[in-house]
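Taking it in order: structure first as structure tokens, then the write-up.
The values are calculated or read from the model by the stated rules, or taken from the named source; none is laboratory data. It should be emphasised that the depicted structure is a prediction, and the values quoted were computed from it without experimental measurement. Cβ atoms come from the backbone with ideal geometry, glycine included; neighbour counts cover every protein chain shown. In case anyone asks, the SASA skips ligands and DNA or RNA and just uses the protein heavy atoms, side chains included. Shrake-Rupley method; radii C 1.70, N 1.55, O 1.52, S 1.80 Å.
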Amino acid sequence: MAYTKRFDGRKADQMREVEAKVGVVPRADGSAMFKFGDTIAIAAVYGPRHLHPQFLQDPQQGIIRCSYDMISFSVTERKRPGPARRSQEISDVTARSLEPVLLLSQFPNTVIDVFINIVQADAGTRCAGINAASLALAHAGIPMTDLVGAISVGSLGGSVVVDLTKEEEDYEEDGEKAATDIPMAFTLRDKKISLLQLDGKVKPEDLKKAIEAGRKASEAIYEIQKEALRGLK
Ligand code: CDP
């Protein structure tokens, strides 16, 4: 059975309602909110600032440090506060997805800290977090060659659909998990992939389709991000 009609009636290539705003955390050096439907991420940037302890410093370039977390009330079952393997992994992949666009060599011995909090979660939180972080870095005035746009694309019962909800991530056929979640990020002008993860199985031709769908969606995200930054003036 193919998944043709989406639970919320969206077209296969249609994202949820997307919203972006910068300057949501006035005391940070830069900040942004990014929303995919019921998934809301807030990012706050501090730095570049001197990195302590000193042995962590890189005299050639600054480093980016991301810290992703979901607020306890962001999900239906209260999320236990504090660090966990999942948040550590998402923090690491977020930093790696953003690194290629940052001109870190201009800031030797420093750190740029990016704190990402998910205030409401309905799947796709790492992607919303990356989009918010990319905007917050630009808002902080960090020299960047490009913005980064992230989107989760799914392969569900033979169909490729963008921006999965939690209900779609949990999709089952014959009592078995039948959804594959493929979060990806693109540098927005160069269209290079800076994140590609895969949770589940996918046929090679569907992976190609998914990447194309993701690339297209990232173009729409770019426009929304640019609009949010323009709103600054
Ligand atoms: O959020 P994302 O899709 O990037 O990552 P995930 O690990 O695949 O999580 C998918 C979704 O599961 C999250 O967005 C939340 O809606 C939900 N989740 C949850 O309800 N409780 C958790 N402790 C972790 C995730």
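Observations, loosely collected:
- Selection over segment 179-201 of residues that are away from the ligand (no atom under 15 Å from the Cβ), in a loop (DSSP other than H, G, I, E, B) and among the hydrophobic types (A, V, I, L, M, F, W, C) gives a count of 1.
- Of the numbered criteria (1) in a strand (DSSP E or B); (2) touching a Phe, Trp or Tyr at 6+ places or on another chain (Cβ under 9 Å), the one Q61 fails is (1).
- Leading residue by the ranking (farthest from the chain's Cα centre (by Cα)) among those in segment 158-201 that are among the charged types (D, E, K, R) and open to solvent by less than 80 Å² (accessible area, probe 1.4 Å): E173
- Here segment 69-101 is the region considered, the condition is being near the ligand (Cβ under 10 Å from one of its atoms) and among the basic types (K, R), and the residue that is nearest to G149 (Cα to Cα) is R86.
- Residue match in segment 167-188 (condition: in contact with an Asp or Glu (Cβ under 8 Å, 6 or more places away or on another chain), in contact (Cβ under 8 Å) with a residue 12 or more places away in the chain and at positive phi): no
- Note on segment 157-171: residues that are part of a strand (DSSP E or B), away from the ligand (no atom under 15 Å from the Cβ) and touching a strand residue (DSSP E or B) at 6+ places or on another chain (Cβ under 8 Å) total 1.
- For A28, the stated conditions do not hold, so it cannot be described as in contact with a helix residue (DSSP H, G or I) (Cβ under 9 Å, 6 or more places away or on another chain), open to solvent by less than 40 Å² (accessible area, probe 1.4 Å), within 22 Å of L195 (Cβ to Cβ) and not in a helix (DSSP H, G or I).
- Considering residues of segment 3-25 that are open to solvent by 30 Å² or more (accessible area, probe 1.4 Å) and at pLDDT below 95 only, the residue nearest to A121 (Cα to Cα): K5
- Looking only at segment 102-137, residues that are touching a Pro at 6+ places or on another chain (Cβ under 6 Å), assigned to a strand (DSSP E or B) and open to solvent by 10 Å² or more (accessible area, probe 1.4 Å) come to 1 in all.
- If you go through segment 146-156 and pick out every residue that is touching a residue at least 60 places away in the same chain (Cβ under 8 Å), away from the ligand (no atom under 12 Å from the Cβ) and assigned to a strand (DSSP E or B), you end up with 2.
- Residue in segment 135-145 that is within 17 Å of the chain's Cα centre (by Cα) and within 16 Å of the ligand (Cβ to nearest atom) present: no
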